[in-house]
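Shown next, in structure tokens, is the structure this report addresses.
The values are calculated or read from the model by the stated rules, or taken from the named source; none is laboratory data. In this text the structure is predicted, and so the values were computed from the model without any measurement. Please note: Cβ atoms are built from the backbone with ideal geometry, for glycine as well, and neighbour counts cover all protein chains shown. For accessibility, only protein heavy atoms count, side chains too; no ligands or nucleic acids. Shrake-Rupley method; radii C 1.70, N 1.55, O 1.52, S 1.80 Å.
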Amino acid sequence: TLIGVLVMMFTIDPILAAVAFVTVPASVVLMKQIGGRARPRFMSQWRYTGALNGQAEEVFTGHAIVKSFGRQADVEQRFSADNEELYHASYSAQFMASLIMPVMVFMGNVQFILIAVVGGLRIASGSLTVGEMQALIQYARQFSMPLSHLASMAATFQSGIASLERVLELVDADEESAE
């Protein structure tokens, strides 16, 4: 378990365990910031998706009216413009969400470098063996793995929150009159 890994790290070398733990808060802060920037983009994506779906449904059910009044070109132009907005919103949301994993990999590499440098100095001073260093590196990877898994789900989570907010907007909307 995660607590067992943490205990083993502090048992082997408390200094290196603390060094390994330093990157965790930074990873959480970065993940939160990227997720916070992704959520409004997902909101925009789902708003445009809803608008485009509504427009497609209106045109489909009123196809005869659109054709009889010669509004096909206007409808196609409006659909194309809304589709372009959806494309840009989706691209922006997916791009922002895709930054989470590279940032987490980078933070894992920073953790490795910090452990390697401090551990190398401790090995050189004779207060740590190479085997203990190797074990600590493995434990540090195991310790940061759940955070990486959480980060990989962050994009889906942010998209889900944006979808929930859209549903709540619909539920809270005022009822339209029959007229």
- Do any residues in the stretch 113-135 that are in contact (Cβ under 8 Å) with a residue 40 or more places away in the chain have Cβ atoms under 7 Å from those of residues that are basic (Lys, Arg), where the two are at least six apart or on different chains, and which pairs are they? 128/122
- Item | Residue under evaluation residue 55, criteria (1) modelled with pLDDT under 90; (2) closer than 30 Å to residue 145 by Cβ; (3) surrounded by 14 or more Cβ atoms within 10 Å (Cβ to Cβ); (4) of a type outside the set (A, V, I, L, M, F, W, C), criterion not met | (2)
- Tell me, yes or no, whether the stretch 79-93 has at least one residue that is more than 30 Å from residue 36 (Cβ to Cβ), modelled with pLDDT under 95 and either among the hydroxyl-bearing types (Ser, Thr, Tyr) or out of contact with any helix residue (DSSP H, G or I) (no Cβ under 7 Å at 6 or more places or on another chain) (or both). yes
- Query: Within the stretch 19-39, is even one residue touching a residue at least 60 places away in the same chain (Cβ under 8 Å), within 20 Å of residue 152 (Cα to Cα) and among the basic types (Lys, Arg)?
  - Reply: yes
- Item | Considering residues of the stretch 30-52 that are touching a Ser or Thr at 6+ places or on another chain (Cβ under 7 Å) and open to solvent by 40 Å² or more (accessible area, probe 1.4 Å) only, the residue nearest to residue 93 (Cα to Cα) | 41
- Message: Looking at the stretch 124-142, can you tell me whether even one residue there is among the polar types (S, T, N, Q), in a loop (DSSP other than H, G, I, E, B) and closer than 25 Å to residue 1 by Cα?
- Response: yes
- Just to be sure, is residue 111 of a type outside the set (A, V, I, L, M, F, W, C), closer than 30 Å to residue 13 by Cα, at pLDDT 90 or above and open to solvent by 80 Å² or more (accessible area, probe 1.4 Å)? no
- Message: Return the pair list, or none, for Cβ contacts closer than 8 Å from residues in the stretch 54-74 that are under 26 Å from residue 86 (Cα atoms) to residues that are modelled with pLDDT of 85 or more and among the basic types (Lys, Arg), at least 6 apart or on different chains.
- Response: 55/78
- Task: Please list, ordered by first then second residue, the pairs with beta carbon atoms under 7 Å, 6 or more apart or interchain, first in the stretch 145-160 and open to solvent by 40 Å² or more (accessible area, probe 1.4 Å), second in a helix (DSSP H, G or I) and of a type in the set (A, V, I, L, M, F, W, C).
- Result: 146/2; 152/101
- Message: I'd like the residue in the stretch 58-71 that is open to solvent by less than 80 Å² (accessible area, probe 1.4 Å) and in a helix (DSSP H, G or I) and, out of all such residues, is modelled with the lowest pLDDT.
- Response: 66
